[in-house]
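Beneath this line is the structure, given in structure tokens, with notes to follow.
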Amino acid sequence: MFQVVPSIFAADFTRLGEDVRRVEQAGVKMLHVDIMDGHFVPNFTMGTPITESLRKFTKLKLDHHLMIEDPDTYAPIFIKAGADCVSVHYEVCRNLDRTLHMIQDLGAKAGVVINPATPVMLLENVLNIVDYVLVMSVNPGYGGQTFIPRSLDKVRQLVRYREERRLNFSIEIDGGAGLENIAEIARAGVDWVVAGSSIFHAPDATQAAREMQRIAHEAISIQV
Ligand code: DX5
Ligand code: ZN
């Protein structure tokens, strides 16, 4: 089912709780939590204390995107802290099948992420395992970048693959999504659209999230 997933990377960390309540009021079901280690990407974000605080503060699902070199060590720690969904980058996993099963065995949903330069076909042998695939529509590490349009070709490829093989994974996209391209993104078949700056840097985050959901649902219903 289609949903907008606000990325707290773009929130105001001095009033994170207020920003979370704003998007809760818009009816979102999940928050995107970007974990960066300064190695896999040239930036840092947050650690488990934020996950623990969020877990106590909200009932929203917590979708953790691990942009880190060593997901095998840290995925269990974030799951223990309260992560519901954990995605790991294809580019860093030497034993991807094992890592995905480990995440699921610990009770979380397991996702695999591909960077803009990584082709979908490399996922062929894990699409029957994963709960979701995250297609990066920017190079990871920063918010507020420009959406890479060819990411939607990857989404369409995944939709075809899912139909042909009768699989169930969800398709998520991350980076550069906003009011101007949400209709096209939804029409391509994306299930979860991550949005950071287009929600939290808008004058009214509740209204921005609602508007994105509205435009997307309209785009999908017109298509059918
Ligand atoms: C980028 C992160 C994104 C980021 C998206 O590396 O993975 O989740 O928060 O931000 P926007 O929506 O501003 O492109
Ligand atoms: Zn992300």
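Observations, loosely collected:
- Among residues of region 185-201 that are more than 15 Å from residue 34 (Cβ to Cβ) and away from ligand 1 (no atom under 12 Å from the Cβ), those with a beta-carbon under 7 Å from a residue that is assigned to a loop (DSSP other than H, G, I, E, B) and open to solvent by 10 Å² or more (accessible area, probe 1.4 Å) at least six positions away or on a different chain give the pairs 186/2; 191/1; 191/2.
- Matching residues, region 19-45, being surrounded by 22 or more Cβ atoms within 10 Å (Cβ to Cβ) and in a loop (DSSP other than H, G, I, E, B): 28
- Region 190-216, residues that are in contact with a Leu (Cβ under 9 Å, 6 or more places away or on another chain), open to solvent by less than 20 Å² (accessible area, probe 1.4 Å) and over 19 Å from residue 20 (Cα atoms): 190
- Close pairs (8 angstrom Cβ cut-off, 6 or more residues apart or separate chains): more than 15 Å from residue 110 (Cα to Cα) in region 51-78, open to solvent by 70 Å² or more (accessible area, probe 1.4 Å) and assigned to a helix (DSSP H, G or I) anywhere: 68/74
- Region 115-142, residues that are open to solvent by less than 50 Å² (accessible area, probe 1.4 Å), part of a loop (DSSP other than H, G, I, E, B) and either aliphatic (A, V, I, L, M) or touching a Gly at 6+ places or on another chain (Cβ under 8 Å) (or both): 126, 127, 129, 130, 131, 137, 138, 140
- Taken as a whole, the structure places residue 147 among residues that are within 11 Å of ligand 1 (Cβ to nearest atom), aromatic (Phe, Trp, Tyr) and in contact (Cβ under 8 Å) with a residue 12 or more places away in the chain.
- Matching residues in region 161-186 - criterion: being under 18 Å from the mean Cα position of the chain (by Cα) and in a loop (DSSP other than H, G, I, E, B): 168, 169, 175, 176, 177, 178, 179, 181
- Of all residues making up region 72-86, the number that are part of a helix (DSSP H, G or I) and among the acidic types (Asp, Glu): 1
- Flag if residue 103 is closer than 17 Å to residue 35 by Cβ, more than 16 Å from ligand 2 (Cβ to nearest atom) and at pLDDT 95 or above: yes
- Considering residues of region 143-180 that are among the aliphatic types (A, V, I, L, M) and over 20 Å from residue 195 (Cα atoms) only, the residue least open to solvent (accessible area, probe 1.4 Å): 158
- Within region 8-39, being within 12 Å of ligand 2 (Cβ to nearest atom) and closer than 21 Å to residue 90 by Cα holds for 32, 33, 34, 35, 36.
The values are calculated or read from the model by the stated rules, or taken from the named source; none is laboratory data. Everything numeric here is computed off the predicted structure, so don't read it as measured data. For neighbour counting, all protein chains shown are included, and Cβ atoms are generated from backbone atoms with ideal geometry for every residue, glycine included. For accessibility, only protein heavy atoms count, side chains too; no ligands or nucleic acids. Shrake-Rupley method; radii C 1.70, N 1.55, O 1.52, S 1.80 Å.
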